[in-house]
1. Under 14 Å from the Cβ of GLU20, count the other residues' Cβ atoms, weight Lys and Arg +1, Asp and Glu -1, and hand me the total.
2. Which of the chymotrypsin sites (Phe, Trp or Tyr not before Pro) across the chain are loop residues per DSSP, with 12 or fewer other Cβ within 10 Å?
3. Quote the relative contact order of the chain in percent (integer), defining contacts as alpha-carbon pairs under 8 Å separated by 6+ residues.
4. Among residues other than ARG65 whose Cβ falls under 15 Å from its Cβ, what is the net charge (Lys/Arg +1, Asp/Glu -1)?
5. So for the pair ALA44, ARG12, with labels modelled 7 Å out along Cα→Cβ, what separation do we get in nm?
6. Given a 10 angstrom Cα cut-off, can you work out which residue in ALA44, ALA31, ALA71 is the most mobile in a GNM of the chain?
7. With unit charges on the beta carbon (Lys/Arg positive, Asp/Glu negative), name the residue among VAL76, SER18, GLN35 whose Cα is farthest towards the positive pole of the charge dipole of the chain.
8. Would you please state which residues of the range 45-80 a label at ARG4 would reach in this model, taking the label point 7 Å out along Cα→Cβ and a backbone N cut-off of under 17 Å?
Amino acid sequence: MTVRVRFFAQFRERYGASHELDPPAGATVAAVIRQVVGDDRAEASVLGLDGRLRDYVILMRNGRRIEHDEANTMAVEDGDEVAVFPPVAGG
């Protein structure tokens, strides 16, 4: 199974633009993100000190936005693309 995790804006600078992973069957969206991020819990990290996704992180799976509680339970499938965005501001 191959899953792509893509990071955008300052997350791309921190973790790289794109990662292809071969997660085990049943791995969740949150698990594949943690696989790339590792133990990074710094202020600008995707993960908080408790290891959970920070509230402001925006997640998409195959172009559809998902909530954090979904990311913790939703299993990835072969060919999935997970996108991770920082908060968006504008005017």
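1. -2
2. Passing both the DSSP loop test and the Cβ count: TYR56.
3. 40 percent
4. -3
5. Inter-label distance under the simple model: 1.5 nm.
6. Ranking ALA44, ALA31, ALA71 by mean-square fluctuation puts ALA44 first.
7. So the residue we want is SER18.
8. Backbone N within reach: 60-65, 76-80.
Taken together, the values in this text are just the output of simple stated rules run on the coordinates, not laboratory data. A quick note: this is a predicted structure, and the numbers were derived from the prediction, not measured. No Cβ is skipped: glycine too gets one built from the backbone with ideal geometry, and neighbour counts run over all protein chains shown.
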